[in-house]
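Asker: My questions will all concern the structure given below.
The values are calculated or read from the model by the stated rules, or taken from the named source; none is laboratory data. What you are looking at is a predicted structure, and each value in this text was computed from that prediction instead of being measured. Heads up, the Cβs are rebuilt from the backbone with ideal geometry, glycines too, and the neighbour counts pull from every protein chain shown. Calculation scope for accessible area: heavy atoms of the full protein, side chains included, ligands and nucleic acids excluded. Shrake-Rupley method; radii C 1.70, N 1.55, O 1.52, S 1.80 Å.
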Amino acid sequence: MPYADLDYQLTEEQKAMRDMVRRFGAEVVRPAGIELDNLADPAEVIAKGSSLWDVFRKFRKLGLHKRGFSKYFGGMLEDLDPMSGYLITEELGYADAGLTISLGVSGMPFAYCQLSPNPKLQALARAYVEDEEANLIGCWGITEPDHGSDWGLGGEDPKCAPSLRGVLKGDRYIINGQKSAWVSNGTIATHSTLHVGLDHARGMMGQGIAICPLDLPGISRGKPLDKIGQRPLNQGEIFCEEVELPQEYMIIPDYAKFIGAGGRGGQPPMSGMAVMFGGLAKAALDEALRYARERIQGGVPIFEHKNIKLKLFEMMMQVEAARSFARRMYLYNAESGAASMLHSMMGKWLSTETAFKVASEAIQIFGGNGLSKEYAIEKIFRDARAGMIEDGVNESLALAVADQM
Ligand SMILES: Cc1cc2nc3c(=O)[nH]c(=O)nc-3n(C[C@H](O)[C@H](O)[C@H](O)COP(=O)(O)OP(=O)(O)OC[C@H]3O[C@@H](n4cnc5c(N)ncnc54)[C@H](O)[C@@H]3O)c2cc1C
């Protein structure tokens with residue numbers, strides 16, 4: 001760290017965890033992220049032998065995939081203090097945003113399985129925890145071609161109801177429809193947390209959440225999505241045609257009731273986004289600071305020019321503000337037992353906007369080199385840009401928060 005961090009209260013265990021993830025980030029995640037980002041065809045990212053699989057396997061060997069799982073399922077939820085959880089996410093975000101999402105979302109459906117009393121689903125949660133080879137990979141199928149922001153803003157309006165629908169026939173849901181090309185890990189996942197429209201008249205409130213094995217007859221995939229940022233995160237459509245899903249896999253048949261009861265507790269996805277993009281913002285700052293010390297113009301390192309120094313000061317202030325808010329929000333969510341969705345949305349907004357602004361200013365400090373593929377900053381900039389759209393477009397989050405002010 002090139003400047004002092006306000007982490008003086010960390011215990012030795014927390015520091016050891018942070019340092020372990022930082023090493024993993026620097027030695028495995030960041031280099032793999034750069035390599036995968038440079039592949040021209042996103043199909044190469046998921047090809048056998050690509051470094052993506054190395055990242056997955058090493059992540060699991062370190063046991064980091066167990067963090068959201070209770071000890072009952074072989075996980076480490078009860079043993080991992082909230083600050084360590086925060087540090088893991090921030091360090092991973094610092095290393096590579098796209099890979100952090102890919103690794104994070106890969107546990108999602110299996111974590112949901114913990115909510116079910118069904119022995120088959122409970123066994124699936126356990127199998128994920130034990131899986132160090134990345135044979136089980138999850139995704140989150142929510143966005144549809146016709147419904148993006150509607151998932152957050154659509155409410156009970158039937159015009160916003162999901163297009164992918166399920167109808168209960170006997171002991172099975174018959175599912176038809178598609179999820180959009182934005183499904184992270186959609187191309188490689190074995191299971192999806194699948195948001196399904198069940199009661200059209202209730203709009204988005206009439207949805208249910210299923211755990212859907214993606215090898216069921218009637219399921220097919222799209223090709224890997226090509227995009228400008230977070231390229232190591234592979235994404236693709238999921239199509240369902242007359243898919244028969246056993247009723248017990250619809251683990252949340254009434255979303256509105258589930259949310260009304262406080263959801264599943266723990267951290268909402270936006271909370272993790274806030275923390276990881278705080279990490280990415282810091283990565284952009286560190287790249288700029290290092291470059292400003294090395295690059296000589298006017299006979300001195302450009303850091304000595306007051307315009308650069310003041311720019312770096314402003315960037316540091318913004319990064320620290322975003323990280324501080326993210327940390328406070330994350331710890332509150334973990335310790336209060338009732339996560340604040342409002343603050344999670346604010347945190348996601350603040351960290352992603354900060355990461356983008358700071359990465360953009362960093363490019364200015366790099367001059368022409370900031371645009372060159374030789375330096376990591378242009379990738380960080382592209383990765384940060386995607387953050388302002390994923391998991392809820394920032395304007396939509398702002399509207400949702402403002403409505404509750
Ligand atoms: C990197 C990345 C990863 C992602 N991962 C996943 C994933 O794992 N699973 C998944 O299902 N999806 C995923 N998404 C999809 C993401 O959640 C959506 O892109 C996002 O919710 C926005 O939806 P949209 O792209 O359809 O934009 P739209 O909803 O079409 O929005 C377009 C614009 O219109 C504005 N707008 C839309 N509706 C309103 C309204 N009611 N009022 C005011 N303004 C409005 C928005 O603010 C935005 O500026 C991912 C996206 C990205 C970029």
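Asker: Does any residue in the range 321-332 that is in contact (Cβ under 8 Å) with a residue 24 or more places away in the chain come within less than 6 Å, Cβ to Cβ, of a residue that is hydrophobic (A, V, I, L, M, F, W, C) six or more places away or on a different chain, and which pairs are these?
Answerer: Going by the 6 Å Cβ cut-off, the qualifying pairs are Ala322/Ala281; Ala322/Leu350; Phe325/Leu350; Ala326/Ala274; Ala326/Val275; Tyr330/Val275.
Asker: With the checklist (1) within 11 Å of the ligand (Cβ to nearest atom); (2) closer than 21 Å to Asp150 by Cα; (3) of a type outside the set (A, V, I, L, M) in hand, flag the one item Gln404 doesn't pass.
Answerer: Going through the list (1) within 11 Å of the ligand (Cβ to nearest atom); (2) closer than 21 Å to Asp150 by Cα; (3) of a type outside the set (A, V, I, L, M), Gln404 breaks only (1).
Asker: Please determine whether any residue of the range 305-322 is at pLDDT below 95, of a type in the set (Val, Ile, Thr) and either surrounded by 22 or more Cβ atoms within 10 Å (Cβ to Cβ) or in a helix (DSSP H, G or I) (or both).
Answerer: The answer is no; no qualifying residue exists.
Asker: May I pose another question? So Val129 fits all but one of (1) of a type in the set (Val, Ile, Thr); (2) more than 18 Å from Ile252 (Cα to Cα); (3) in the same structural domain as Ala256 (by TED's automatic domain parsing); what number is the exception?
Answerer: (3)
Asker: Small (Gly, Ala, Ser), more than 12 Å from the ligand (Cβ to nearest atom) and more than 20 Å from the chain's Cα centre (by Cα): which single residue out of Gly166, Gly107, Gly155 fits that description?
Answerer: That would be Gly166, the only listed residue that is small (Gly, Ala, Ser), more than 12 Å from the ligand (Cβ to nearest atom) and more than 20 Å from the chain's Cα centre (by Cα).
Asker: Follow-up. Got a number for residues in the range 275-293 being open to solvent by 30 Å² or more (accessible area, probe 1.4 Å) and over 17 Å from Leu371 (Cα atoms)?
Answerer: So the answer is 1.
Asker: Next up: Taking the range 40-53 only, how many residues are open to solvent by less than 60 Å² (accessible area, probe 1.4 Å), of a type outside the set (Gly, Ala, Ser) and assigned to a helix (DSSP H, G or I)?
Answerer: 4
Asker: Got at least one residue in the range 278-291 being part of a strand (DSSP E or B) and more than 28 Å from Ser102 (Cα to Cα)?
Answerer: No: zero hits.
Asker: From the residues in the range 349-370 that are open to solvent by 20 Å² or more (accessible area, probe 1.4 Å) and either within 20 Å of the chain's Cα centre (by Cα) or over 14 Å from Ala288 (Cβ atoms) (or both), which one is farthest from the ligand (Cβ to nearest atom)?
Answerer: Going through the qualifying residues, I end up with Gly368.
Asker: A further question on this structure: Does at least one position in the range 383-405 carry a residue that is open to solvent by 60 Å² or more (accessible area, probe 1.4 Å) and farther than 30 Å from Gly155 by Cα?
Answerer: No; the residues of the range 383-405 include none that is open to solvent by 60 Å² or more (accessible area, probe 1.4 Å) and farther than 30 Å from Gly155 by Cα.
Asker: Right, here's the next one. Considering Asp37, Asp54, Asp19, which residue is in contact (Cβ under 8 Å) with a residue 24 or more places away in the chain and either more than 19 Å from the chain's Cα centre (by Cα) or more than 18 Å from Leu280 (Cβ to Cβ) (or both)?
Answerer: Step by step, each of Asp37, Asp54, Asp19 is checked, and only Asp54 is in contact (Cβ under 8 Å) with a residue 24 or more places away in the chain and either more than 19 Å from the chain's Cα centre (by Cα) or more than 18 Å from Leu280 (Cβ to Cβ) (or both).
Asker: Just wondering, is there one or more residues in the range 230-242 that are farther than 29 Å from Asp54 by Cα, open to solvent by 30 Å² or more (accessible area, probe 1.4 Å) and in the same structural domain as Phe325 (by TED's automatic domain parsing)?
Answerer: Checked the range 230-242: no residue is farther than 29 Å from Asp54 by Cα, open to solvent by 30 Å² or more (accessible area, probe 1.4 Å) and in the same structural domain as Phe325 (by TED's automatic domain parsing).
Asker: Now for a separate question. How many of the residues in the range 348-366 are touching a residue at least 60 places away in the same chain (Cβ under 8 Å) and either of a type in the set (Gly, Ala, Ser) or over 26 Å from Pro268 (Cβ atoms) (or both)?
Answerer: 7
Asker: Those residues that are over 16 Å from Ser220 (Cα atoms), at pLDDT 95 or above and aliphatic (A, V, I, L, M), I need them from the range 143-187; list them, please.
Answerer: Correct list: Ala161, Val167, Leu168.
Asker: Check Thr190, Thr143 and return the single one that is in contact with a Phe, Trp or Tyr (Cβ under 6 Å, 6 or more places away or on another chain), open to solvent by less than 50 Å² (accessible area, probe 1.4 Å) and at negative phi.
Answerer: The unique qualifying residue is Thr143.
Asker: Still on this structure: Across the range 84-128, what is the number of residues that are outside any helix (DSSP H, G or I), out of contact with any strand residue (DSSP E or B) (no Cβ under 9 Å at 6 or more places or on another chain) and surrounded by 24 or more Cβ atoms within 10 Å (Cβ to Cβ)?
Answerer: 1
Asker: Right, another one. Can you name the residue in the range 371-382 that is away from the ligand (no atom under 16 Å from the Cβ), among the hydrophobic types (A, V, I, L, M, F, W, C) and touching a residue at least 40 places away in the same chain (Cβ under 8 Å) and, of all such residues, is surrounded by the most Cβ atoms within 10 Å (Cβ to Cβ)?
Answerer: The residue in question is Ile377.
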